[in-house]
Structures are given as C-alpha cells and as structure tokens.
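Q: Have a look at this one.
The values are calculated or read from the model by the stated rules, or taken from the named source; none is laboratory data. Since we're looking at a predicted model, the values are computed, not measured. Here the Cβ is made from the backbone with ideal geometry for all residues, glycine too, and neighbour counts use every protein chain on show. Side chains are part of the model used for accessible areas, which takes the heavy atoms of the whole protein and leaves out ligands, DNA and RNA. Shrake-Rupley method; radii C 1.70, N 1.55, O 1.52, S 1.80 Å.
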Amino acid sequence: QRVFSFAVDASGTLSEPRLLAEEGEAAVAAGPDGNVYVAAGPVFVYAPDGREVERIRVPARPTALAFGGADGRTIFIGARDQLFSLRVD
C-alpha cells in the first residue's frame with residue numbers, strides 16, 4: 001500500500017510514475033498547501049518531494065479525506081461514524 005504521483009498530460013493520460021510515500025490505504029487528498037494527505041491509521045502528511053512532514057491523529061480510523069470550507073483550507077476527515085475537521089494553513 002503505497003502512494004505514487006504521476007505526470008498528467010492535456011488528454012488526462014498518466015505517465016512518469018514516482019513513488020511518493022510508503023504509506024497508503026483508504027484515501028488520499030492533495031491539499032491547498034501543496035502537501036499530500038494520506039489516511040492510513042493516522043493521516044500522514046507528505047511534502048511534494050515525499051518527505052513526511054506531519055501526522056494528524058484522530059480518535060477513529062480515517063476512511064475518507066476531502067478539502068473544503070469557504071476558502072478550501074479545511075480538511076474533513078471521515079471515519080466510520082464520525083467527521084473531524086482541521087484548518088490547514
């Protein structure tokens with residue numbers, strides 16, 4: 001369970017796969033801060049170069065990630081029967 005990044009051309013074709021992170025599982029979301037958020041126990045936060053920069057721990061195992069809010073800088077972390085949110089600056 002890993003996360004890869006790809007180049008995307010104008011037609012939507014993927015190429016140039018690159019291993020971004022060794023963690024991966026339920027959900028992945030690209031943040032407005034340029035980081036990649038991976039739900040795999042905690043929410044792992046990776047810089048675009050694949051360096052882990054943070055772990056977000058929530059009381060329940062995350063199963064879904066999405067960014068939203070008025071300015072798109074809130075991460076919503078869905079779990080089995082709970083929803084958590086956190087502002088990303």
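Q: If I filter segment 34-44 for residues that are assigned to a strand (DSSP E or B), open to solvent by 20 Å² or more (accessible area, probe 1.4 Å) and in contact (Cβ under 8 Å) with a residue 12 or more places away in the chain, do I get at least one hit?
A: Checked segment 34-44: at least one residue is assigned to a strand (DSSP E or B), open to solvent by 20 Å² or more (accessible area, probe 1.4 Å) and in contact (Cβ under 8 Å) with a residue 12 or more places away in the chain.
Q: Considering every residue within segment 72-80, establish whether at least one is within 11 Å of the chain's Cα centre (by Cα) and open to solvent by less than 30 Å² (accessible area, probe 1.4 Å).
A: Yes, segment 72-80 contains a residue that is within 11 Å of the chain's Cα centre (by Cα) and open to solvent by less than 30 Å² (accessible area, probe 1.4 Å).
Q: Tell me which residues, restricted to segment 1-20, are out of contact with any Ser or Thr (no Cβ under 8 Å at 6 or more places or on another chain), among the charged types (D, E, K, R), under 22 Å from V45 (Cβ atoms) and in a strand (DSSP E or B).
A: Selection gives nothing.
Q: Go through A70, A60, A64, A29 for me and flag whichever is touching a strand residue (DSSP E or B) at 6+ places or on another chain (Cβ under 8 Å) and not in a strand (DSSP E or B).
A: Just a single option satisfies the conditions, and that option is A60.
Q: I would also like to ask the following. Given the conditions (1) exposed (fewer than 14 other Cβ atoms within 10 Å of the Cβ); (2) in a strand (DSSP E or B), and given that P48 satisfies all but one, which numbered condition is not satisfied?
A: (2)
Q: When you check E23 against the structure, is it open to solvent by 50 Å² or more (accessible area, probe 1.4 Å) and either among the aromatic types (F, W, Y) or assigned to a strand (DSSP E or B) (or both), yes or no?
A: no
Q: Can I ask one more? Kindly indicate which of V53, V3 is under 22 Å from S85 (Cβ atoms) and of a type in the set (A, V, I, L, M, F, W, C).
A: None of the other options fit; the residue is V53.
Q: Six or more apart or on different chains, Cβ atoms under 7 Å: show the pairs whose first residue is in segment 63-84 and more than 17 Å from A30 (Cα to Cα) and whose second is basic (K, R) and surrounded by 12 or more Cβ atoms within 10 Å (Cβ to Cβ).
A: A79/R61
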